[in-house]
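For reference, the structure discussed in these notes is given below.
The values are calculated or read from the model by the stated rules, or taken from the named source; none is laboratory data. Worth saying up front: this structure is predicted, and the values here are computed from it rather than measured. Reconstructed Cβ throughout: ideal geometry from the backbone, glycine too, with neighbour counts over all protein chains shown.
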Amino acid sequence: MAHDRRPIAGAPGPPMIRRTTAADERCEAAAEWVVRLAAPDLSEAEALAFDAWLAASGDNRAAYDAALAVWIEFGAEAPAVLAGLRAERGVRPRWGLRPRYAAIAAMGAAAAAAAAAVIVPALGPATVAQAYATAAGEHRSVTLADGTRIDLNAATRLTVAYRRHERDVTLAEGEAVFDVTHDLRRPFVIAAGDRAVRVVGTEFDVRRRAGQLSVSVARGAVEVVPAGEAPGEAFRLHPGQRLEHAEGAAQARIALIAPDEALSWRSGRLVYRGEPLAQVVADLNAQFRKPIRIADPALAAEPISGVLVLDDETAVVRRLALLVSAHTVPSDGGVILQRNETPPKR
């Protein structure tokens, strides 16, 4: 007797097997990185691994940005999310979510829980802005309430204000290295002229002197975007990259550097790769009390490449003059750099 193989009405069919795609795996990895980067015990090796994963492809960066947006949204809605979770307590969870959405949901729950535990003190009004400044030749290190460390170079002025959704810094003039504590709920934003630098946790240098801005990244990822109605495009910088920008211009230039070069001034060295003499002199005038001036615009635009060790001012100026085939002339308590005249041909 032949068996009837027709399906029984109402009986469950065979389980459907869904193949995991590369996009699913990328979204899962992005969600896991967002959660891991928010952990207080993130190691240096993990930070470097994240940098490598992020730099591997544009798809990875897009997936991370999407996951980060979900995390921030869950963080902002933490009270409502937690209320919903409490209302659903005891209700059996629905299994079988796709890997992508399961990872995002887990990330959102973690964000909500973290927000409930940590975000409450940040919901009040902004704290009073705290100002920090250094004089010529002075260096200073400060540690903020969230553990972020700022190393101020000489002749630097900045203010810090913590707000509900952001940690805001305004760099009026000078240079500083920022080692920012991870806080995905409150990005760390630095206003520097017509650009804003946005991070959630990384180590980088920002220099703003005489209308010239540079942002150099040693660890992590940094976004530099036009502020307000300023022209230009947004850039995402990774370790070993430096953005150079003249305030008011639409363009910016990206250069490659050794990551430790971005922080070299903290150990008494200034490293230059094709930067104009005017920028070098502006940096030196922040370090020393005797002003250095440049005799003519052509000399001021001369590109400089080399390392200047900050020891004795007279010795530093002498080395600089040798780099650009110039000599110094005493003037008004300082010195003037003048180009050496080319000897006449015989």
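Within segment 298-309, is there a residue that is touching a Gly at 6+ places or on another chain (Cβ under 9 Å) and either in the same structural domain as Asn153 (by TED's automatic domain parsing) or not β-branched (Val, Ile, Thr) (or both)? Checked against the condition, which is being touching a Gly at 6+ places or on another chain (Cβ under 9 Å) and either in the same structural domain as Asn153 (by TED's automatic domain parsing) or not β-branched (Val, Ile, Thr) (or both), segment 298-309 yields at least one hit.
Every residue, every condition in (1) surrounded by 19 or more Cβ atoms within 10 Å (Cβ to Cβ); (2) touching a Phe, Trp or Tyr at 6+ places or on another chain (Cβ under 6 Å); (3) among the charged types (D, E, K, R); (4) in a strand (DSSP E or B), yes or no:
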| residue | (1), (2), (3), (4) |
| --- | --- |
| Glu223 | no, no, yes, yes |
| Glu229 | no, no, yes, no |
| Arg236 | no, no, yes, yes |
| Ala249 | no, no, no, no |
| Ala255 | no, no, no, yes |
| Glu261 | yes, no, yes, no |
| Arg266 | no, no, yes, no |
| Val271 | no, no, no, yes |
| Gly274 | no, no, no, yes |
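Inside segment 147-161, residues that are under 17 Å from the mean Cα position of the chain (by Cα) and touching a residue at least 40 places away in the same chain (Cβ under 8 Å) make up a count of 2. Residues that are at pLDDT 75 or above and either of a type outside the set (Lys, Arg) or over 20 Å from Arg236 (Cα atoms) (or both) within segment 15-48 comprise Thr21, Ala22, Ala23, Asp24, Glu25, Cys27, Glu28, Ala29, Ala30, Ala31, Glu32, Trp33, listed in sequence order. Identify all residues within segment 265-302 that are farther than 29 Å from Phe178 by Cβ and of a type in the set (Lys, Arg); write none if there are none. Across segment 265-302, the qualifying residues are Lys290, Arg293. In this structure, Ala227 does satisfy being of a type outside the set (Val, Ile, Thr) and in the same structural domain as Gly147 (by TED's automatic domain parsing). Residues that are under 24 Å from Glu261 (Cα atoms) and not aromatic (Phe, Trp, Tyr) do not occur anywhere in segment 328-345. Strands (runs of 3 or more DSSP E) fully within segment 151-204 that include at least 1 residues being in contact with a helix residue (DSSP H, G or I) (Cβ under 6 Å, 6 or more places away or on another chain) and not assigned by TED's automatic domain parsing to the domain that holds Phe288: 167-179. Among the residues of segment 283-290, at least one is over 26 Å from the mean Cα position of the chain (by Cα), touching a residue at least 24 places away in the same chain (Cβ under 8 Å) and within 27 Å of Val217 (Cβ to Cβ).
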